[in-house]
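J.: Structure incoming, see below.
No lab work stands behind these numbers, since they all come straight from the coordinates. Just so it is clear, the model here is predicted, and its values are computed rather than measured. Because the Cβ atoms are built from the backbone with ideal geometry, glycine has one as well, and the counts that use them run over all protein chains shown.
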Amino acid sequence: MPLHKTAQVTRAITVRIVDVKPIQGKPLLPGEVKGPAIAVTVTVRNTTAHAVPLEPVVNAYSGPRRTPALTLSGAPAKRLPNRVGPGSSVTGIYPFTMSAAQRKDLTVDVSVAARLPVVRFHGSV
């Protein structure tokens, strides 16, 4: 699925990469690395009349071998919540360490719940 397209996970749940922008990575936890990074903004929409539980996982990769990008916990990180209300949307921001060259072949996998399919987005930033 191309970046910035809306993916239908189920009849009632959609996922969209709203934005991918270059940032300067800010490490917060041990093992995180300062430097060139991206911030991936993800929106999950629920069109049902009931709240839907989420178990969100977002991962980023670069290149044809899908080399994993390191997750950053510092600003502007804002994880998706564990549920989305009826007829509502929720948004999360996921920073990943990634150089400008690596952004030319970007893959982002979004899983909203373990029982649902993973949506794979691909493109260039």
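J.: Choose one of A39, P86, V57: the residue whose Cα lies farthest towards the positive end of the charge dipole of the chain (beta-carbon charges +1 Lys, Arg; -1 Asp, Glu; about the Cα centre).
T.: P86
J.: Pop out the ³J(HN,Hα) list for segment 55-62 in order, Karplus 6.51 cos²θ - 1.76 cosθ + 1.60 with θ = phi - 60°, rounded to Hz; leave Gly and Pro as x.
T.: Working through the residues one at a time gives 10, x, 9, 10, 10, 10, 9, 10 Hz.
J.: Right, something else. In nm, to one decimal, how far is the modelled label at A51 from the one at T10, with both set 7 Å along Cα→Cβ?
T.: Label at A51, label at T10, 1.6 nm between them.
J.: Report, in debye and to the nearest 20, how large the dipole of segment 23-125 comes out about its Cα centre when Lys and Arg carry +1 and Asp and Glu carry -1 on their Cβ.
T.: Dipole size: approximately 60 debye.
J.: Could you tally up the Lys pairs in the chain with alpha carbons closer than 19 Å? Skip any pair fewer than 8 positions apart unless they're on separate chains.
T.: Lysine pairs, 8 or more places apart or on different chains, close enough: 8.
J.: I'd like the FRET efficiency for T41 and R65, computed as 1/(1 + (r/R0)^6) with the beta carbon distance as r and R0 of 30 Å, rounded to 0.05.
T.: Efficiency for this residue pair is about 0.75.
J.: Let me ask something else. Relative to the present Cα-Cα distance, how much length would full extension add between T91 and K78 at 0.36 nm per residue of separation?
T.: Extra length available between T91 and K78 comes to 3.9 nm.
J.: Moving on to the next point. When Lys and Arg each count +1 and Asp and Glu each count -1, what net charge do the other residues less than 13 Å away from L72, Cβ to Cβ, add up to?
T.: Net charge around L72: +3.
J.: Convex hull volume of the Cα atoms in segment 72-125, per residue, in Å³?
T.: 114
J.: Let me ask something else about it. Tell me, in nm to one decimal, what length is gained between D19 and L116 on full extension, where the rule is 0.36 nm per residue of separation less the Cα-Cα distance?
T.: 32.6 nm
J.: Over all alpha-carbon pairs of the chain, lay out the pair-distance distribution in 10 Å bins, whole %, shortest bin first.
T.: Calculated P(r), rounded to whole percents: 14, 45, 31, 10, 0.
J.: Hey, can you grab everything whose amide H is under 5 Å from the amide H of D19? Only 5+ residues off in sequence or another chain; H modelled, so Pro and N-termini drop out.
T.: The list, which skips near neighbours in sequence, is T41.
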